[in-house]
Amino acid sequence: MKNLIFGSLATLSLIAIGTTAALAEAREAGPRGGMERPPFETLDTNGDGNLTLEEMQQKSEARFAELDTNDDGELGKAELLTQAMNRAGETITRMLENKDKDGNGTLSLEEMSPRDLGPIFERLDRDGSGDISLEEWETAKKGPKNNRGPHRSTQPDNG
């Protein structure tokens, strides 16, 4: 019984780590949360060089059918968790491929350290005050579209 509990805890820990890693990679991947669009060619099922709504719906339905492993027409928790774990596993593999600089199959703190946060901090600190206010934070949470627009420039003023 004790081994079962520890095994379950270990599995849950791996799920949490994998999910955290997947979310981190998704955030780095861009505003779509890392969700890659399928290649155009796979959506253009008749090969005419154009996508119709019907072709896109067919792809969506086919993807749903792949995930609906028990064929009940609904996605349950187990099916969604399986999908999340598959994606997390793929993300972890990519992380190891991209970040494991010494090739030992593990990631050190140095290898996991985020890229230089300075430019990101400067972009979020829209008023240049040296700190990020709640308003600036909330604006950033709304997505990259809201982080463009008028804010202090990091370019020298040559005027």
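Values in this text are rule-based calculations from the coordinates and carry no lab data. All figures in this text were calculated on a predicted structure; none of them were measured in a lab. All Cβ positions, even for glycine, are placed from backbone atoms using ideal geometry, and neighbour counts span all protein chains on display.
How big is D, in µm² s⁻¹, for region 52-113 by Stokes-Einstein at 4 °C and 1.567 mPa s if Rh is the Kirkwood radius over C-alpha pairs?
91 µm²/s
Please list 114-126, 78-90, 98-110 highest first by mean number of surrounding beta-carbon atoms within 10 Å per residue.
Answer by packing, highest mean first, reads 78-90, 114-126, 98-110.
Run the numbers on region 57-124 and let me know its relative contact order in percent, using alpha-carbon pairs under 8 Å that are six or more apart.
Reported as a whole number, the value is 14 percent.
Would you kindly derive the ³J(HN,Hα) couplings of region 79-84 from the backbone phi angles with the Karplus curve 6.51 cos²θ - 1.76 cosθ + 1.60 (θ = phi - 60°), listing them in order in whole Hz, with x for Gly and Pro?
Calculated HN-Hα couplings, in order: 5, 5, 5, 4, 4, 4 Hz.
Set the Förster radius R0 to 35 Å, insert the Cβ-Cβ distance between MET56 and GLU138 as r into 1/(1 + (r/R0)^6), and round the FRET efficiency to 0.05.
E(calc), rounded to 0.05, equals 0.60.
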